[in-house]
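Got a structure for you, written out below as structure tokens; questions coming shortly.
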């Protein structure tokens, strides 16, 4: 499988298959939301859109980067989200990088949103459905975030069978600039366990597939049992 690793701004066109990677923390949080029972995640284009969706649907759970803010129920932290009961709920998520990357490739034939916690399930789905090529969208730091690139390279290697050992990739993520900023409190809306939760490998058995549903870009969990016959 031919693979490309590009930042959001470097995408020359909408790819057929896109894997949007945000390890710290959008798509680690999204995976935890599904693990806590969320039915779907609506990826919002702006904070104003997220607030408007919340206002129209008060039972939805709105999540954003940074500190708590009026109109939002939670912040983009896996450590804080892991105790929430989201059974059957719709989550609205707006982040600085991950949701932006997913919306940039919303017209792709297949959009997967990924992090280390869903790496193997993502690689498995790529093997089944990607065909000859896939574009990995490295969302953090204008495409330079080493935690996202490491995760993208690991998933690509698992998909084509060339990578068996995750240790070096996880080490790069754990020592990345983003990890340091979370650990040192540079970023707001952080739990002390966030970095450790973001570098857990294959915590969850599902991949995450995003698709346009009406006016919304919606992320849903995907397992082999949920695939159409």
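Please find the FRET efficiency linking residue 129 to residue 39, where r is the Cβ-Cβ separation and R0 is fixed at 22 Å, and quote it to the nearest 0.05. Kindly include the intermediate steps, with their values, before the conclusion.
Details: r = 22 Å, r/R0 = 1.02.
Calculated value: 0.45.
Further question on the same structure: Hey, how many Å between the Cα centroid of the stretch 17-33 and the Cα centroid of the stretch 74-124?
Measuring centre to centre over Cα atoms gives 4 Å.
Among bridges DSSP assigns within the chain, what percent are antiparallel (round to 5)? Before the final figure, lay out each step's value.
Values: 11 of 36 bridges.
Bridges in the chain that DSSP calls antiparallel: roughly 30 percent.
What FRET efficiency comes out for the pair residue 174/residue 141, r = Cβ-Cβ distance, R0 = 22 Å, nearest 0.05?
Working: r = 16 Å, r/R0 = 0.74.
Calculated value: 0.85.
While we're on this one: How high is the relative contact order of the stretch 1-125, in percent, with contacts defined as C-alpha pairs under 8 Å that are six or more residues apart? Don't skip to the answer; put the middle values down first.
Details: 200 pairs, mean separation 49.3, N = 125.
That works out to 39 percent.
Using alpha carbon coordinates only, what is the Rg to Rh ratio of the stretch 2-220, with Rh defined as the Kirkwood radius?
Numbers: Rg = 15.8 Å, Rh = 16.9 Å.
With Rg and the Kirkwood Rh in hand, the quotient comes to 0.94.
Under the definition of Cα pairs under 8 Å and six or more residues apart, what whole-number percent is the relative contact order of the stretch 2-220?
Details: 475 pairs, mean separation 72.3, N = 219.
Result for the stretch 2-220 is 33 percent.
Provide the FRET efficiency to the nearest 0.05 for the residue 203-residue 56 pair, computing r from the beta carbons and using R0 = 35 Å.
Details: r = 33 Å, r/R0 = 0.93.
That gives a FRET efficiency of 0.60.
Would you mind ranking 91, 137, 212, 117 by Cβ crowding within 10 Å, fewest neighbours first?
Numbers: 91 25, 137 32, 212 12, 117 28.
Fewest-to-most Cβ neighbours within 10 Å comes out as 212, 91, 117, 137.
Would you calculate, for the chain, the mean residue ellipticity at 222 nm contributed by helices, counting each DSSP H stretch of 4 or more residues as -39,500 (n - 2.57) and dividing by all residues, to the nearest 500?
Values: 9 runs with 77 residues, N = 229.
Mean residue ellipticity at 222 nm (helix-derived): -9500 deg cm²/dmol.
So how do 41, 8 line up by other beta-carbon neighbours within 10 Å, fewest first? Kindly include the intermediate steps, with their values, before the conclusion.
On the way: 41 31, 8 19.
Ascending Cβ contact count within 10 Å gives the list 8, 41.
Coordinate-derived values only; no laboratory data. Everything quoted here is computed from the prediction, not taken from an experiment. Using ideal geometry, Cβ is built from the backbone for each residue, glycine included, and neighbour counts are taken over all protein chains shown.
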